[in-house]
Amino acid sequence: MLKGIAASEGIGIGKVMIVEEHSLEYQPKQVADTDAELKRFRDAVEAFCEETAEQAEAVKKSAGEKEAEILMGHIYMIKDPGMIGTMEAQITGGQCAEAALESICDMFIEAFSATGDEVTAQRAADVKDIKTAILSILLGVKTVKISEAPAGTVLVAREVTPSMTAGINKDNIVGIVTETGSQTSHSAILARALEIPAVLSVEGATSKLSSGEQIIVDGSEGIVVTAPSEDDVQLYSAKRDAFLREKRELENYRGKKTTDADGNEYELFCNIGTPKDAVKAMEADGEGVGLFRTEFLFMDRNALPTEDEQFEAYKQAALVLKGKGLIIRTLDIGGDKEIPYLGLEKEENPFMGYRAIRYCLGHRDLFKSQLKAILRASAFGDVRIMFPLITAVEELRAGKELVEEAKADLRASSIEFDENIKIGVMTETAASGVIAHLLAKEADFFSIGTNDLTGYTMAADRGNSDVAYLYSPFQPSVLMMIQRIIKCAREAEIPVGMCGEAAANPMMIPLLLSFGLTEFSVSAPSVLKVRKNIAKWTKAEADAVVEKVMAMATEAEVTEYLKSIV
Ligand code: PEP
Ligand code: MG
């Protein structure tokens, strides 16, 4: 059995097809006829652009618009004067086309890889893809035709590049296994869009597996079963059928209201990270956005985004939502979210340090420009503001004061915004849980961030595997925090949501229904599943579960019990 990252759900059973990389070696040389060499290079780039545009068209049909954009992005990249212009200058200077292409691409790859952040690193993968494709054209190397793979093929490659994906026929490719990639890499995004089970980052996959052998890809668990027995095949076939059945069944929940078994209604929102995700949220049947992480606007660049740039992004999301709730969280940097150009000082203990609302209150210009951008977007929808990492009432007051200042500035410039914009608190620290009754008097809503709330309550870092046994939202202390936050919100008659990962956990759902949560905010692919899970419970049944769970002393007891009833 081989292990990797579970990148695209589902089970695939089929025969391996190894997609090998061809040697793209050449002898760098000086050329005398630079005009002819320039023409050879331009022809290759032109051929690349034509091929890529054709592939993008095919991908648009099979996977969708966003996936096609990844490929179109390659054309924009190579045509950027900073890239093609520098290559052409080198060729004019006497270098051969291959060497000019390679040296400039490598320079970009190195620069993009050096930043350490995942989004920029992805750009490096894009440039690598461009380099390989154009080098193949220049050297006349024919690449393997994935489009000709027979039915029941599992694609095994070092990396599935966007250009490879174009050839994938989803009726024939039943699984994907790669040696590189993460949950957010292109390979993962494309596999999910095509709904092909995928396991990524499987060490040595292309050498350990051979073409023609049968394997099972479990994209839900991140496992590749090699040399499966009859029993394995039977077991996984049953799992695959159950998975597909559930998927079809979930479609029955599309377009329905989110209600429990008594008919009480809840809001079922989505978490998003970009305006494009807002489209995904609506396609997934989300009823709004409960958390718009705005960090993306500040990452993958060298300077702060302007107020106008931010406004455009927030407005775009608001327009997609067509009047549905859009909760925009103000900048939540620091801790594990670094933004190199801000020059944040290295701290001994970044999770307890100068981050999120603390940093924003200390950088009023930066904060005010974000608040003004959000306020301006509020003229285009039901936009709400949420402050992250609140630990004290003063922070909420200071944030609200700055919102008032931002409003005054906009009024002075006769710019429209929602005068009654709602301002909420992300309750994700132990302190905010303890003073939830005080915060509830001054906030318009709460949203419980269980990812951090668990960490801060248990004093256990979510990324540290040595303390992972403590990091669970089912720890009695965390459950008491959640119960308390919801109770305080209900007493103050303000809405209370949950935007941490726990909101989608079937074991957490009965507890949240009984505690009195009013809004769930989950990832887009979880929407229908969560709606189905909410519909299962009557209030009385959920109350009975809570009575048992809140009397338990350990996390193990709680999870063992909850597993047995969901
Ligand atoms: C949380 O802390 O639960 C949360 C949703 O925010 P983030 O994961 O962005 O810290
Ligand atoms: Mg958080």
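Take the eigenvalues of the Cα gyration tensor for region 23-139, scale each by 5, and report the square roots as semi-axes in whole Å, largest first.
One finds semi-axes of 25, 18, 11 Å for region 23-139.
Taking only protein heavy atoms and a 1.4 Å probe, what accessible area per residue, in Å², does region 383-424 have with all protein chains in place? Don't jump to the answer; show the numbers that get you there.
Values: 1890 Å² over 42 residues.
Accessible surface, normalised per residue, equals 45 Å².
So for the pair residue 119, residue 491, with labels modelled 7 Å out along Cα→Cβ, what separation do we get in nm?
4.0
Would you mind working out the magnitude of the charge dipole of the chain relative to its Cα centre, with +1 at each Lys and Arg C-beta and -1 at each Asp and Glu C-beta, to the nearest 20 Debye?
Details: 61 positive and 89 negative charges, 239 e Å.
Its charge dipole is roughly 1140 debye.
Note the full-extension length gain between residue 171 and residue 148 as 0.36 nm times their separation in residues minus their Cα-Cα distance, in nm to one decimal.
On the way: separation 23, 0.36 × 23 = 8.28 nm, distance 1.17 nm.
That pair, residue 171 and residue 148, stretches by 7.1 nm at full extension.
Taking square-rooted eigenvalues a ≥ b ≥ c of the alpha carbon gyration tensor, is region 309-361 rounded, prolate or oblate, where a/c under 1.5 means rounded and, failing that, a/b exceeding b/c means prolate? All intermediate terms of the calculation are to be shown ahead of the outcome.
Values: a/c = 3.70, a/b = 2.47, b/c = 1.50.
Judged from the Cα gyration tensor, region 309-361 comes out prolate (a/c at least 1.5, a/b above b/c).
Taking region 385-429, how much of its Cα-Cα pair set, in percent, is spaced more than 17 angstrom apart? All intermediate terms of the calculation are to be shown ahead of the outcome.
Values: 363 of 990 pairs.
Across region 385-429, Cα pairs with separations above 17 Å total 37 percent.
Against the 2.2 N^0.38 Å scaling, with N counting residues, where does region 238-318 land? I'd like the Cα-based Rg ratio to two decimal places.
Details: Rg = 17.5 Å, N = 81, 2.2 N^0.38 = 11.7 Å.
Relative to the rule-of-thumb radius for its length, region 238-318 sits at 1.49.
Running Debye on the chain with equal point scatterers at the Cα sites and no solvent, what base-10 log of I(q)/I(0) appears at q = 0.09, 0.12 Å⁻¹?
Reported log10 I(q)/I(0), two decimals: -0.79, -1.29.
Looking only at region 146-250, where both bridge partners belong to it, what percent of the DSSP beta bridges are antiparallel (to the nearest 5)?
Numbers: 4 of 11 bridges.
Roughly 35 percent of the beta bridges in region 146-250 run antiparallel, per DSSP.
Could you work out the equivalent-ellipsoid semi-axes for region 86-216, taking the square root of 5 times each eigenvalue of the Cα gyration tensor, largest first, in whole Å? Don't jump to the answer; show the numbers that get you there.
Working: eigenvalues 180, 65, 30 Å².
Equivalent ellipsoid of region 86-216: 30, 18, 12 Å, largest first.
Which semi-axis lengths, in whole Å and largest first, follow from the square roots of five times the eigenvalues of the Cα gyration tensor of region 204-246? Working shown, then result.
On the way: eigenvalues 91, 31, 11 Å².
Three semi-axes, in Å: 21, 12, 8.
DSSP loop GluC sites (Glu not before Pro) in region 383-484 with at most 16 other Cβ atoms within 10 Å of their Cβ, which ones?
The qualifying sites are 416, 419.
Can you give the angle from 0 to 90° between the axis of helix 393-412 and the longest principal axis of the chain, with both taken from C-alpha atoms, to the nearest 10?
Here the helix axis deviates by roughly 70 degrees.
Using the reciprocal of the averaged 1/r over all distinct C-alpha pairs, how large is the Kirkwood radius of region 357-504 in Å?
Values: mean 1/r = 0.0621 Å⁻¹.
Computed over Cα pairs of region 357-504, the Kirkwood hydrodynamic radius comes out at 16.1 Å.
Counting only protein heavy atoms and using a 1.4 Å probe, what share of the accessible area of the chain belongs to carbon plus sulfur, as a whole percent? Please report the intermediate quantities before stating the final value.
Details: 13070 of 25560 Å².
Carbon-and-sulfur percentage of accessible area, whole number: 51.
When you take every Cα atom in region 478-566, what is the radius of gyration, and what is Dmax, the widest Cα pair distance, in Å?
Expressed in Å, the Cα Rg and Dmax of region 478-566 come to 12.6, 35.
At 0.36 nm per residue, minus the direct Cα-Cα distance, what do residue 539 and residue 213 gain on full extension? Give it in nm, one decimal, please. Before the final figure, lay out the partial values.
Values: separation 326, 0.36 × 326 = 117.36 nm, distance 5.15 nm.
Extra length available between residue 539 and residue 213 comes to 112.2 nm.
Report the extension gain between residue 3 and residue 366 in nm, rounded to one decimal, defined as 0.36 nm multiplied by the number of residues separating them, less their alpha carbon distance. Write out the running numbers ahead of the final one.
On the way: separation 363, 0.36 × 363 = 130.68 nm, distance 4.38 nm.
Stretched out fully, the residue 3 to residue 366 stretch lengthens by 126.3 nm.
Each residue of region 42-52 in turn: what ³J(HN,Hα) in whole Hz from Karplus with 6.51, -1.76, 1.60 and θ = phi - 60°, glycine and Pro shown as x?
Karplus-based 3J(HN,Hα) across region 42-52 equals 4, 4, 5, 5, 4, 4, 4, 5, 5, 4, 5 Hz.
Out of region 383-476, which chymotrypsin sites (Phe, Trp or Tyr not before Pro) are coil in DSSP terms and have no more than 12 other C-beta atoms within 10 Å? Spell out each step's value before the answer.
Working: sites: 417, 445, 446, 456, 469, 471, 474; in loops: 417, 469, 471, 474.
Counting only loop positions with at most 12 other Cβ atoms within 10 Å, the chymotrypsin sites (Phe, Trp or Tyr not before Pro) in region 383-476 are 469.
For region 146-250, what is one quarter of the convex hull surface built on the Cα atoms, given in nm²? List each step's numbers first, then the result.
Numbers: hull surface 26.4 nm².
Quarter of the Cα hull surface area: 6.6 nm².
Could you tell me what % of all Cα pairs in region 264-369 have separations over 23 Å? Let's see the in-between values first.
Working: 1907 of 5565 pairs.
Above the 23 Å cut-off, region 264-369 has 34 percent of its Cα pairs.
Cα centroids of region 277-354 and region 432-490: how far apart, whole angstrom?
Taking the Cα centre of each part, region 277-354 and region 432-490 sit 22 Å apart.
Within 10 Å, count the other beta carbons around each residue, average over each peptide in 284-290, 55-61, and list them highest first.
Numbers: 284-290: 23.7, 55-61: 17.9.
Descending mean neighbour count gives 284-290, 55-61.
Percent relative contact order of region 146-250, based on C-alpha pairs within less than 8 angstrom and at least six residues apart? Working shown, then result.
Values: 146 pairs, mean separation 21.4, N = 105.
Relative contact order comes out at 20 percent.
Considering all alpha-carbon pairs of region 147-187, what whole percent are spaced by more than 11 angstrom?
Result for the distance tail: 63 percent.
Among bridges DSSP assigns within the chain, what percent are antiparallel (round to 5)? Walk me through the numbers on the way to the answer.
On the way: 17 of 56 bridges.
Given both bridge residues lie in the chain, the antiparallel proportion sits at roughly 30 percent.
So how far, in whole Å, is the C-alpha centre of region 200-229 from the one of region 24-93?
34
Indicate the gyration tensor shape class of region 190-344 (rounded, prolate or oblate), computed on the Cα atoms with a ≥ b ≥ c the square roots of the eigenvalues: a/c under 1.5 is rounded; otherwise a/b larger than b/c is prolate and the rest oblate.
Values: a/c = 3.10, a/b = 1.42, b/c = 2.18.
Oblate shape, in that a/c is at least 1.5 and b/c is the bigger or equal ratio.
Once you charge only the Cβ atoms, +1 for Lys and Arg and -1 for Asp and Glu, what is the size of the charge dipole of region 257-565 about its Cα centre, to the nearest 20 debye? Don't skip to the end; give the middle numbers.
Numbers: 35 positive and 47 negative charges, 92 e Å.
About 440 debye.
Give or take rounding to whole Å, what are the principal axis extents of the alpha carbon atoms in region 257-565, in descending order?
57, 45, 34
The values are calculated or read from the model by the stated rules, or taken from the named source; none is laboratory data. The model shown is predicted, which means the values in this text are computed figures rather than measured ones. Cβ sites come from the backbone with ideal geometry, for glycine too, and all protein chains shown count toward neighbours. Surface areas here come from the heavy atoms of the whole protein model, side chains and all, with no ligands, DNA or RNA. Shrake-Rupley method; radii C 1.70, N 1.55, O 1.52, S 1.80 Å.
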